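> Sending over a structure as structure tokens; questions will come in a sec.
The values are calculated or read from the model by the stated rules, or taken from the named source; none is laboratory data. Worth saying up front: this structure is predicted, and the values here are computed from it rather than measured. Glycine gets a Cβ as well: all are built from the backbone with ideal geometry, and neighbour counts include every protein chain shown. Heads up: the accessible areas ignore ligands, DNA and RNA and are worked out on the full protein's heavy atoms, side chains in. Shrake-Rupley method; radii C 1.70, N 1.55, O 1.52, S 1.80 Å.
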Amino acid sequence: MKILIASIPAVGHLNPLLSIASLLVESGHKVAVQVNEDLRHTVEAAGHRFLSEIPNAQTSAGYYFETYPERMQKSPGMEMTGYDLVHFFARNIAAQSASLKMALYDFQADLILADSLYWGTLPMLVGPRDKRPAIAHLGVSVVNIGSGKNIPMRPDETPEQREAELQLRERFMLQPAQEAVNAALANLGYPALPCPILEAMTALPDLYLHPGIESFEYPDPDSNSKVQYIGALPTPAGQSALPDWWQHLDHTKRLVLVTQGTVANRDLGQVIAPALIALGGKGDVTIIVTTGGQPVESIPVAIPSNARIASFLPYAQIMPEIDLLITNGGYGTVNMAISHGIPVISAGLTEDKQEVSAHVQWSGAGIDLRTNHATPEAIKHAVDEIFTQPGYRERAQQLSLDFGRRHLGCDALVYLRSWADW
């Protein structure tokens, strides 16, 4: 079987796909990976064949940020996310679709496996079924992210407040994104979507694999039968090495991992700096910071003596030792922490981070600070609550047992094989 894997240019989207790619190769299948040139090294370091996108595809995040500087003037949350859906995701449909078609000439795949925010598969999915390979999507965030379909009411929320929020979601996100996607499809000669765009990525493919657990997702009475939960995925090859200082840590102290991921890390004053201020000098805590590739000098505060800094860390190796994760809500990192029974403090409003953070609070595995710029005081209070109230860790450990009932991504192969009759 030949499988073409496609991803948007984000490490957090690509790495789960590379994990499945390795499983597929080990099972004797042929795999090729198409993503923006910026991530060629990541693909090749994992040992997989890299396929370029069409010339001048201009799908990179760097191109987007440079070309649309007005994005940063949008309010974090629905306004900024809606802008991204139109100007990044919908804008890239034509280039991604053309890139897939080009790849299929050279690599005649039986299956396309793409991340759940890779909208380049949409033209094929709304076109004739007999004109395309089978298509599966892999979830990279909470199911139906942004759709508003199954968000539970907060205890302090009135029906009027709920209706107002849904109207804002429709105005800033759903309607503009739907119109932009349908316009992109029409320009390519395809019909409009038969369903809302933020539900399309689970509803339209032949199969939807979700690397997580159902108990971390809001209950959905209309759950899509195509969604198959596969638990945690193994870490792809080519990950960073442990820094020298890791071997010299005092493991009698609590280890607190702090990260802003690899996308929303242009301002390390949002989570990393206030966490360093809040926990700096605490004798019973060691702060482990990853900058996601940003230089240490980007941290706008002095580094306390009980902190250790790295650009990247091999999470699969360090997570068993971590006592608490402080994050801006990247789904992959939150998912991995909970799979290890680690409670979470989350503060983020951009991309999918507001909803991921809300899931953390709803699940009972941690605290959502409901902000994009955490304060040292808020972080200190949340850390004290996590360490003094055992319910958070107990709930995280309960969820980790749900992960343990899966088989480190092997379920993905089971579903793919049974569905595709391999």
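> I'd like the full set of residues that are under 30 Å from residue 384 (Cβ atoms), of a type outside the set (Lys, Arg) and open to solvent by 30 Å² or more (accessible area, probe 1.4 Å), limited to the range 232-268.
Those that are under 30 Å from residue 384 (Cβ atoms), of a type outside the set (Lys, Arg) and open to solvent by 30 Å² or more (accessible area, probe 1.4 Å): 242, 245, 247, 248, 250, 251, 252, 262, 263, 267.
> Tell me yes or no: at least one residue of the range 258-267 is of a type in the set (Gly, Ala, Ser) and in contact with a Phe, Trp or Tyr (Cβ under 7 Å, 6 or more places away or on another chain).
no
> Which condition does residue 275 not pass, out of (1) part of a helix (DSSP H, G or I); (2) modelled with pLDDT under 95; (3) open to solvent by less than 20 Å² (accessible area, probe 1.4 Å), if it passes all the others?
It is condition (2) that residue 275 fails.
> Among the residues of the range 26-39, is any under 15 Å from residue 115 (Cα atoms) and touching a residue at least 60 places away in the same chain (Cβ under 8 Å)?
Within the range 26-39, one or more residues are under 15 Å from residue 115 (Cα atoms) and touching a residue at least 60 places away in the same chain (Cβ under 8 Å).
> Say whether the condition of being touching a Lys or Arg at 6+ places or on another chain (Cβ under 8 Å), outside any loop (DSSP other than H, G, I, E, B), in contact (Cβ under 8 Å) with a residue 60 or more places away in the chain and closer than 23 Å to residue 113 by Cβ is met by at least one residue in the range 236-251.
No, there is no match, as no residue in the range 236-251 is touching a Lys or Arg at 6+ places or on another chain (Cβ under 8 Å), outside any loop (DSSP other than H, G, I, E, B), in contact (Cβ under 8 Å) with a residue 60 or more places away in the chain and closer than 23 Å to residue 113 by Cβ.
> While we're here: Could you tell me whether any residue of the range 120-140 is of a type in the set (Ser, Thr, Tyr) and either open to solvent by 20 Å² or more (accessible area, probe 1.4 Å) or in a loop (DSSP other than H, G, I, E, B) (or both)?
Checking the range 120-140: not a single residue is of a type in the set (Ser, Thr, Tyr) and either open to solvent by 20 Å² or more (accessible area, probe 1.4 Å) or in a loop (DSSP other than H, G, I, E, B) (or both).
> Sort out which residues of the range 329-348 are buried (at least 24 other Cβ atoms within 10 Å of the Cβ), out of contact with any strand residue (DSSP E or B) (no Cβ under 7 Å at 6 or more places or on another chain) and in a loop (DSSP other than H, G, I, E, B), and write them in order of number.
Result: 330, 347, 348.
> With respect to residue 89, is the statement that it is open to solvent by less than 40 Å² (accessible area, probe 1.4 Å) and more than 27 Å from residue 216 (Cβ to Cβ) true?
no
> On to the next question. Please work out if residue 168 is modelled with pLDDT under 95, closer than 16 Å to residue 207 by Cα and open to solvent by 10 Å² or more (accessible area, probe 1.4 Å).
Here the answer is no, as residue 168 does not meet what is asked.
> Just checking, how many residues over the range 349-372 are of a type outside the set (Val, Ile, Thr) and part of a loop (DSSP other than H, G, I, E, B)?
8
> Of all the residues that make up the range 306-319, how many are open to solvent by 70 Å² or more (accessible area, probe 1.4 Å) and modelled with pLDDT of 95 or more?
1
> What number of residues in the range 83-113 are over 21 Å from residue 62 (Cα atoms), out of contact with any Lys or Arg (no Cβ under 6 Å at 6 or more places or on another chain) and either not in a helix (DSSP H, G or I) or not acidic (Asp, Glu) (or both)?
11
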